[in-house]
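Note sheet for the following structure.
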Amino acid sequence: MTSPASTLPKAVPGAESGPPAPAQARPARARPRLRALDGLRLLAALMVAAYHYGGRDGEIARAWGSSPRVQFPTASEWFAYGCLGVQIFFVISGFVICMSGWGRPLRAFFASRAARLLPAYWAAIVLVTAVFALPVVAYEAVSPSDALVNLTMLQQPLGADRVLGVCWTLWAELRFYALFALCVVLPGATRARVVLFCAVWTLSAAVAEAADEPLLDVVLMPQYAPFFVGGIGIHLIHRDRRDLTAWGITGVSWLIGQHYAVRDLWHAPDPDFFSHRSSLGIIAVVTAGFAAVLLIALGHLDRVNWRWLSAAGALTYPFYLVHEHLGWVTVEVLHRHLGLPSYATFALTVLAMLVLARLLTRCVEDRLTPLIRTGLGRGLTPRR
């Protein structure tokens, strides 16, 4: 997950100078801070939390003492769509990574990504492992060896058990960062190079899907590529709204992205399944995600410029990391042991995870992020 609060400049760096020309992007106009993007990130995280607390079965049903369908007989059907918050995250990530990587050397890009991802992630791994190791907590902890592997963020390809259920999305993010860094940041970002990257990745991902080759699937991520590429296309529109190629990239990515979302999340109505997501509902959520980022990029939501959105957006990443597993423990305590009603438990659990995210931001991220960014930046500076 990426943070616009830490990566979005007030003006787009690296914009070309000179008179406007149809084949070349104009310099982006100076815009107010994109606080609406911070708000959208938090909304996407809350969607995922709603899914994890009330839109699925599994360990959360154990925490509630019954299926969330019993706890939320009407809302659970809507909560089930919350998993699509991840796809919205990926669109935002494509936008932000293209913006933050433009005009930045590889060492600075690497340092900024590591400094952004690692502090809260390490803290979440330690915290969840420690809580699950408590005798009073009934949920199974991973082995000490697997917990240590989790600190690398490579537990999924290495086959280790995951401490955080949501960390599979970070594995997708890491692969996107690597592709973008090698193909765009390393040679130097230009409009032509970014467009080529989007075109080649889109076509290669389609080939990987047809080839059904596991290695290609791991590298090219066919089911997630259109969301990252769509975000990149929207950033190109942000730089020049008259760029028809960028509009084409965004449109094709939306078409492919909704296909994968429906393919992976739709099923025929079946009473044995927790819920039924309609294909039109899935398409509507994916479309709303693309449209929201696009409206922000075009400046139509510049009025949404409240300062508290940046503070709220800063909570998104640590909240996303801790909310699922620690949410199980919190729901069980509040609902089964203290007897609070379902909706009160739901609201208080979300609030508790936001407070914890705030503590992680203040006590961990604010202290370690600058140290890691400075240390890695210095370590990667060539010696004279």
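The values are calculated or read from the model by the stated rules, or taken from the named source; none is laboratory data. The structure displayed is predicted, hence computed values, not measured ones. Ideal geometry is used to build each Cβ from the backbone, glycine not excepted, and the neighbour counts take in all protein chains shown. Protein only, heavy atoms only, side chains kept; ligands, DNA and RNA dropped before computing areas. Shrake-Rupley method; radii C 1.70, N 1.55, O 1.52, S 1.80 Å.
Side notes on the structure shown:
- With respect to the conditions (1) in contact (Cβ under 8 Å) with a residue 40 or more places away in the chain; (2) of a type in the set (A, V, I, L, M, F, W, C); (3) in a helix (DSSP H, G or I), L301 falls short on a single one, namely (3).
- Scanning the stretch 229-287 for residues that are more than 15 Å from Q87 (Cβ to Cβ), among the aromatic types (F, W, Y), in a loop (DSSP other than H, G, I, E, B) and open to solvent by 60 Å² or more (accessible area, probe 1.4 Å) returns a single hit, F273.
- Residue match in the stretch 187-194 (condition: touching a Leu at 6+ places or on another chain (Cβ under 9 Å) and modelled with pLDDT of 95 or more): yes
Per-residue answers, yes or no, for (1) closer than 18 Å to H52 by Cα; (2) at pLDDT 95 or above; (3) hydroxyl-bearing (S, T, Y); (4) within 22 Å of the chain's Cα centre (by Cα):
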{"site": "L351", "(1), (2), (3), (4)": "yes, yes, no, yes"}
{"site": "L356", "(1), (2), (3), (4)": "yes, yes, no, yes"}
{"site": "P370", "(1), (2), (3), (4)": "no, no, no, yes"}
{"site": "R378", "(1), (2), (3), (4)": "no, no, no, no"}
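- Residues in the stretch 110-137 that are over 18 Å from F319 (Cα atoms) and open to solvent by 60 Å² or more (accessible area, probe 1.4 Å): F110, A133, L134, P135, V136.
- Close contacts from the stretch 276-288, counting a first residue that is closer than 15 Å to F227 by Cα and touching a residue at least 24 places away in the same chain (Cβ under 8 Å) and a second that is outside any helix (DSSP H, G or I) and open to solvent by 30 Å² or more (accessible area, probe 1.4 Å), with Cβ to Cβ under 9 Å and a gap of 6+ residues or different chains, come to I282/W266.
- Subset of the stretch 200-253 [within 28 Å of L154 (Cβ to Cβ) and of a type in the set (D, E)]: E209, D212, E213, D217
- Answer residue from the stretch 67-76, given it is among the polar types (S, T, N, Q) and assigned to a loop (DSSP other than H, G, I, E, B) and is least open to solvent (accessible area, probe 1.4 Å) among those: S67
- Selection over the stretch 77-113 of residues that are hydrophobic (A, V, I, L, M, F, W, C) and not in a helix (DSSP H, G or I) gives a count of 1.
- Every residue from the stretch 77-95 that is of a type in the set (F, W, Y) and either surrounded by 19 or more Cβ atoms within 10 Å (Cβ to Cβ) or in contact with a Phe, Trp or Tyr (Cβ under 8 Å, 6 or more places away or on another chain) (or both): F79, Y81, F89, F90, F95
- Within the stretch 32-66, being in contact (Cβ under 8 Å) with a residue 12 or more places away in the chain, over 23 Å from A311 (Cβ atoms) and either open to solvent by 30 Å² or more (accessible area, probe 1.4 Å) or basic (K, R) (or both) holds for Y51, R56, D57, E59, R62, G65.
- Candidates A75, A133: the one that is without any contact (Cβ under 8 Å) to a residue 60 or more places away in the chain, within 26 Å of A261 (Cβ to Cβ) and of a type in the set (A, V, I, L, M) is A75.
- Selection count, the stretch 325-346, where residues are buried (at least 16 other Cβ atoms within 10 Å of the Cβ) and among the aromatic types (F, W, Y): 2
- Any hit, the stretch 312-324, residues being open to solvent by less than 20 Å² (accessible area, probe 1.4 Å) and modelled with pLDDT under 95: yes
- Test result for R378, loosely packed, with under 12 Cβ neighbours inside 10 Å, of a type in the set (D, E, K, R) and more than 30 Å from S67 (Cα to Cα): yes
- Residue identified as more than 30 Å from A108 (Cβ to Cβ), open to solvent by less than 60 Å² (accessible area, probe 1.4 Å) and among the β-branched types (V, I, T) among T361, T369, T349: T349
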